[in-house]
1. Compute the FRET efficiency between E30 and S131 as 1/(1 + (r/R0)^6), taking r as their Cβ-Cβ distance and R0 = 22 Å, and round to the nearest 0.05.
2. Between E10 and E82, what's the calculated FRET efficiency when r is the beta-carbon distance and R0 is 35 Å? Round to 0.05.
3. Past 26 Å, Cα to Cα: identify those pairs from K2/K47; K109/K143; K32/K143, in the order given.
4. Taking the Cα centroid of segment 42-64 and of segment 1-34, what is the distance between the two, rounded to the nearest whole Å?
5. Hand me the trypsin sites (Lys or Arg not before Pro) from segment 1-93 located in a DSSP loop with no more than 12 other Cβ atoms within 10 Å, in residue order please.
6. How big is the Rg/Rh ratio for segment 1-90, C-alpha atoms only, Rh by Kirkwood, two decimals?
7. Rolling a 1.4 angstrom probe over the protein chains, ignoring ligands and nucleic acids, what is the accessible area of E16 in square angstrom, nearest 10?
Amino acid sequence: MKIRIEEITEQGIQVEFTKDTSWLSELFREEKEVHFSFAAPTTVSLKISRSGKNVFIHGTLDTSLLLACTKCAEDFVYPLREAITYTLTPWVGTMKRHAETELTSEDLKFSFYDGEDIDLGQIVKEQIFLSVPAYPRCIHSCKGLCPVCGINLNVDTCQCIQRKEHSTFSAIGR
Ligand SMILES: [Zn+2]
Ligand SMILES: [Zn+2]
């Protein structure tokens, strides 16, 4: 999914595409730290403009991920709608390489392009990585698993947890 720099006008071009889950899986294939899969195709809508060699990207990304809840371990669908705002500048060989991957969760991100085109797949990938919660929960109030018997407390109850919860509350209240 590459766009040639020379095709980007100052007024900007509109780029929209929808990619199926296999394209997305391929995009993440070489990454080791991927704890999700895709539950739906991804739709990307971008306005890409240029001022000299600087490229500006604004738009949105829509998809759904399948995440495992960190409390109860159940898979759940996590809808993702994210704004994409990037400024890309040409890669200069003397730049420190780590600067390229130095990403923050701020709205405005800086990155680099190398050569005559920019790879929108890489931008989609970065944006998805940044959007995945560190500790996903199926629902905010997920009760998790009983640490004693391992039962899923969202769907079942057991006797052991009652004592456990009571002691947790008293510890917080102190
Ligand atoms: Zn859960
Ligand atoms: Zn239990």
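The values are calculated or read from the model by the stated rules, or taken from the named source; none is laboratory data. Just so it is clear, the structure is predicted and the values come from calculations on it, not from any experiment. Virtual Cβ from ideal backbone geometry, glycine too; neighbours counted across all protein chains shown. Only protein heavy atoms, including side chains, enter the accessible area calculation; ligands, DNA and RNA are left aside. Shrake-Rupley method; radii C 1.70, N 1.55, O 1.52, S 1.80 Å.
1. Details: r = 19 Å, r/R0 = 0.88.
The computed FRET efficiency comes out at 0.70.
2. Numbers: r = 26 Å, r/R0 = 0.74.
Step by step, r from the Cβ atoms, then E = 0.85.
3. Values: K2/K47 14 Å; K109/K143 36 Å; K32/K143 29 Å.
Long pairs (Cα-Cα over 26 Å): K109/K143; K32/K143.
4. 10
5. On the way: sites: K2, R4, K19, R29, K32, K47, R50, K53, K71, R81; in loops: R29, K32, K53, K71.
For trypsin sites (Lys or Arg not before Pro) across segment 1-93 that sit outside H, G, I, E and B with at most 12 neighbouring Cβ atoms in 10 Å, the list reads R29, K32, K53.
6. With Rg and the Kirkwood Rh in hand, the quotient comes to 1.07.
7. Accessible area, nearest 10 Å²: 130 Å².
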